[in-house]
Every structure is written in C-alpha cells, then in structure tokens.
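Trainee: Mind having a look at this structure? Questions to follow.
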C-alpha cells in the first residue's frame, strides 16, 4: 500500500477503516501513474508533476482511514444530518 495511514494496526478491529483505506488506495492507482491525490495537490490540476510528498500521502491516508472509524462515522453522520435539515 503506497498511500498508507499511521494506524493500519486498527484494521483487524475495525474493518470499515480497512475498506476506506483500500478505496483510497485504489483511487490513487491510475494507469498514467497518478491518482486523485496527485491531481488534488498539483500546481497544474491537469498535469501532476510529483508535488505529493510521502508525508502528504500519509496524512491524507490517515484522514481517510479515520473517516471509517467510529468517531469519523459520527462526524460524517453529523454532516449528513445538517445537510438534510438545510
């Protein structure tokens, strides 16, 4: 896994975190060698040229994995609840 977060040890106890991490990894594998994060952080959004550091990858993967955690799911539920009310 190239886009690996800091807390992969939690995958066994929380399979939803693993699912989020796997999906993020898949989004960051692309035939042209670039993934979503490469495009998100590129100076030219149409032409990534290596702007993403290993630390960038770790931070992004950690946040994505966190969204699959119980606390992350609560965060997403609160957002959904606010969107439905508006």
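The values are calculated or read from the model by the stated rules, or taken from the named source; none is laboratory data. It should be emphasised that the depicted structure is a prediction, and the values quoted were computed from it without experimental measurement. In this analysis, Cβ positions are derived from the backbone assuming ideal geometry, glycine residues included, and neighbour counts consider all displayed protein chains.
Trainee: Evaluate region 13-24: report whether one residue or more is over 14 Å from residue 2 (Cβ atoms), modelled with pLDDT under 90 and exposed (fewer than 10 other Cβ atoms within 10 Å of the Cβ).
Mentor: The answer is no; no qualifying residue exists.
Trainee: Is there a residue in region 30-37 that is in a helix (DSSP H, G or I), surrounded by fewer than 16 Cβ atoms within 10 Å (Cβ to Cβ) and in contact with a helix residue (DSSP H, G or I) (Cβ under 8 Å, 6 or more places away or on another chain)?
Mentor: So far as region 30-37 goes, yes, one or more of its residues are in a helix (DSSP H, G or I), surrounded by fewer than 16 Cβ atoms within 10 Å (Cβ to Cβ) and in contact with a helix residue (DSSP H, G or I) (Cβ under 8 Å, 6 or more places away or on another chain).
Trainee: Among the listed residues 45, 78, 4, which satisfies the condition of being in a loop (DSSP other than H, G, I, E, B), at pLDDT below 95 and surrounded by fewer than 15 Cβ atoms within 10 Å (Cβ to Cβ)?
Mentor: When all the criteria are applied, what remains is 45.
Trainee: What number of residues in region 48-68 are assigned to a loop (DSSP other than H, G, I, E, B), within 14 Å of the chain's Cα centre (by Cα) and either modelled with pLDDT under 95 or surrounded by fewer than 16 Cβ atoms within 10 Å (Cβ to Cβ) (or both)?
Mentor: 1
Trainee: How many residues are under 12 Å from the mean Cα position of the chain (by Cα) and assigned to a helix (DSSP H, G or I) if we restrict to region 7-29?
Mentor: Total meeting the criteria: 11.
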